[in-house]
Structure formats: structure tokens, C-alpha cells
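Report on the structure given below.
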């Protein structure tokens, strides 16, 4: 009986407002409806007064317009390039993403593997560790600029003859470093294993191995890489007779 009474009450029209009641007063039924509507709006993530507000025009956040960019001109493999780049762009990303020179590889992106080694103003650097905008007017040589398939650089030819690669991913960085190592020794720059810092470093296998220690080869082609470098440098390699002849 009670259930029938409740059902009848819920279906009955609202009680008439007494004549002496405040015209702005809200009924109990109206309060419940308003409360239910507000709860639904909050659950949907909308502000309580969203329905009462006109639609505001979307205004971009001021932070969206604060991406700093700089115009930079570089000479890459003998060709001049002028680009406008985000100031946060690394030299590696500029070469790969903006100039499509994908021979330079992105390995660790932390300067630990050497896969991104290039020549910057005559010195080898890890391109992932330096920003492009820091090198306005610089001259850059990548693996594409050392030689071509029709006319290989002597170091590239030596790598082919001595199997100085396996998967090939680290090979561009290895070759760029190998060329720079011979130039460093020729210029008299000492290394960690140079016995006398006041004398010119010797062109030895120990020097080659030490100077190439920053270039990792996960395939383990280190001995063949040293063989290739030694051939170009004209240095005899101990035990080379047990390896593939040049």
C-alpha cells in the first residue's frame, strides 16, 4: 500500500503555490531538479554556470607563441644552407630532419656511442650534443660529404676491404672518427696513451685504439676497424696475417 502511495505522489502535479507565498521562492521539487542538474554538470566536467554563459572564442595560450627560433646558415658538405630552426634543435636533428642527410645516425642521443660523429670546422664532434644555432657560419662534413659510391674516400674503401662493419649502423660515425683520428695525430694532438706530451704522438696501434674508444660497435668489428685505419695510415698491424688480407 505504501508503494502505491509513493508512486501516486511522484506522478501527481506539484502542489499549488499559496497566494501569499514569495514569487521567487523555489519549491522542494524544483530544488531537487536543480540539484540533480548541477550534479550531472559536475560529473561531465562542465562549470556550473556553463549553460548561462555565452560560448567564448578560443584564445591561444600566450605560452604557445613563445617558441624561440633562429635563422642559421651552415655550409654542409660544401653547400650553403639557411634555415629557421627551433633553438632547441640539435645539430644531429637539423642534419637528419631538416636537410635529410640520414647517413649520420642517432644512436644513444647522449653522446656515448659516437654514431652521430661528424666533422665540424675540421674537428670531430658528437652532433647530438650540440645545438644547431650555436654554429652560425660553420663548415660541416658528414659521411655523405667524405665520398660517394662512385668515388669512395680512402677510409671508406679500407673499411670495405677489411670488413670494418657488420650491421653498418655505427659505420658512418666510425669512418668520420677514423678520418679525424689520423688528422689529430698528424697535427700532434696527444691522447690519453701518449707517453710524452711534449713530443709528437706516435702513429701506433695503441694510439688508434685509444682515440677510437668513443665509438662503440655492438657487432664487435673493432679489430677490422683498426686494420682499415692502419692500412690508410701505413702502420703494420701485429697478427694481421691471421685476418682477411687487404
Filtered residue count, region 179-204, keeping only those that are within 20 Å of residue 124 (Cα to Cα) and loosely packed, with under 13 Cβ neighbours inside 10 Å = 4
Looking at (1) touching a helix residue (DSSP H, G or I) at 6+ places or on another chain (Cβ under 7 Å); (2) without any contact (Cβ under 8 Å) to a residue 12 or more places away in the chain, find the lone condition where residue 101 falls short.
-> (2)
Among the residues of region 156-174, is any in contact with a helix residue (DSSP H, G or I) (Cβ under 9 Å, 6 or more places away or on another chain), touching a residue at least 40 places away in the same chain (Cβ under 8 Å), outside any loop (DSSP other than H, G, I, E, B) and surrounded by fewer than 16 Cβ atoms within 10 Å (Cβ to Cβ)?
-> yes
Would you be able to tell me the number of residues in region 127-144 that are buried (at least 20 other Cβ atoms within 10 Å of the Cβ) and over 18 Å from the mean Cα position of the chain (by Cα)?
-> 3
Filter region 205-239 for residues that are closer than 11 Å to residue 181 by Cβ and touching a residue at least 40 places away in the same chain (Cβ under 8 Å); which is surrounded by the fewest Cβ atoms within 10 Å (Cβ to Cβ)?
-> 214
May I ask you to verify whether residue 145 is in contact (Cβ under 8 Å) with a residue 60 or more places away in the chain and touching a strand residue (DSSP E or B) at 6+ places or on another chain (Cβ under 9 Å)?
-> yes
Scan 85, 76 and give me the residue that is over 30 Å from residue 222 (Cβ atoms), touching a helix residue (DSSP H, G or I) at 6+ places or on another chain (Cβ under 8 Å) and surrounded by 18 or more Cβ atoms within 10 Å (Cβ to Cβ).
-> 85
Does residue 210 count as at pLDDT 95 or above and more than 30 Å from residue 75 (Cα to Cα)?
-> yes
Residue by residue through region 107-134, note down the ones that are closer than 15 Å to residue 170 by Cβ, outside any helix (DSSP H, G or I) and touching a helix residue (DSSP H, G or I) at 6+ places or on another chain (Cβ under 6 Å).
-> 109, 111, 114, 115, 116, 117, 118, 124
So how many residues does region 189-214 have that are part of a loop (DSSP other than H, G, I, E, B) and under 34 Å from the mean Cα position of the chain (by Cα)?
-> 8
Out of 122, 114, report the one residue that is surrounded by fewer than 18 Cβ atoms within 10 Å (Cβ to Cβ) and under 27 Å from residue 214 (Cβ atoms).
-> 122
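The values are calculated or read from the model by the stated rules, or taken from the named source; none is laboratory data. Because the structure is a prediction, the values reported are computed rather than measured. Neighbour counts run over all protein chains shown; Cβ positions are idealised from the backbone, glycine included.
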